[in-house]
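Asker: Okay, handing you the structure first.
The values are calculated or read from the model by the stated rules, or taken from the named source; none is laboratory data. Since the structure is predicted, the reported quantities are computational estimates derived from the model, not experimental observations. Neighbour counts run over all protein chains shown; Cβ positions are idealised from the backbone, glycine included. The accessibility values were calculated without ligands, DNA or RNA, using every heavy atom of the protein model including side chains. Shrake-Rupley method; radii C 1.70, N 1.55, O 1.52, S 1.80 Å.
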Amino acid sequence: MKTVTLSSLVVLFAIASMVAIAPEAFAATVTNAPGSSTPGCEDTDSCFSPNPVTVELGTIVTWQNTDNAAHTATAGTAADGPSGVWDSSLIMAPMGDTVNSFSYTTDTVGSFDYFCMVHPWMIGNLTVEAAGAA
């Protein structure tokens, strides 16, 4: 029984160490560009930054609103509407030191367009790859 407990602790410690060493492998952050609530950022694909984003399956992707207007991060396109894969609802503008955000844990491999329902010129792409594909 002691061997099983010790082995379990070693495995748990190894997993915790990997997360501490490489947290970026499990998380990605996308921000709304300052001023993206006014058209113009679409000319340089910089409404969401970074854009596009490529992550591994199981990654937590967080959209942070650092702009002075409310935004969404909605899977789909402005032309076809939401796809239903994820929808942040309104991510309000920051208040003081508080930056509002929305997180989605990737659960499907593929390429996903997304946009802001309030400002439809704001478009982005999230590509999800199988673990170890990169």
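Asker: Can you give me the accessible area per residue for segment 29-133, using a 1.4 Å probe, in Å²?
Answerer: Working: 5150 Å² over 105 residues.
So segment 29-133 comes to 49 Å² accessible per residue, rounded to a whole number.
Asker: Using 0.36 nm per residue, how much length does the chain from residue 42 to residue 108 gain when fully extended, once their Cα-Cα distance is taken away?
Answerer: Numbers: separation 66, 0.36 × 66 = 23.76 nm, distance 2.67 nm.
Gain in length upon complete extension: 21.1 nm.
Asker: Another one. Net charge within 14 Å of residue 125 by Cβ-Cβ distance, Lys/Arg positive one each and Asp/Glu negative one each, not counting residue 125 itself?
Answerer: Numbers: positive: none; negative: 42, 45, 113, 129.
My count for the surroundings of residue 125 gives -4.
Asker: Right, another one. Long-range amide H contacts for residue 30: which residues qualify at under 5 Å (H placed 1.01 Å from N, peptide plane, sequence gap of 5 or more or a different chain)?
Answerer: Long-range HN contacts for residue 30: 62, 63, 64.
Asker: Okay, next question. Could you check what % of the DSSP bridge pairs in segment 56-134 are antiparallel, to the nearest 5? Before the final figure, lay out the partial values.
Answerer: Values: 19 of 20 bridges.
Taking every DSSP beta bridge with both residues in segment 56-134, the antiparallel ones total about 95 percent.
Asker: Assign one of three labels to segment 46-94, namely rounded, prolate or oblate, based on the Cα gyration tensor with a ≥ b ≥ c the square roots of its eigenvalues; rounded applies when a/c is under 1.5, prolate when it is not and a/b is larger than b/c, and oblate otherwise.
Answerer: On the way: a/c = 1.59, a/b = 1.14, b/c = 1.39.
Cα axes put segment 46-94 in the oblate bin.
Asker: Now for a different question. Can you list the residues, at least 5 places off or on another chain, whose amide H is less than 5 Å from the amide H of residue 122, using H built in the peptide plane?
Answerer: 116
Asker: Mind listing the long-range amide H neighbours of residue 83? Cut-off is under 5 Å, sequence gap 5 or more, other chains count too, H placed in the peptide plane at 1.01 Å from N.
Answerer: Amide H neighbours of residue 83: 75, 76, 77.
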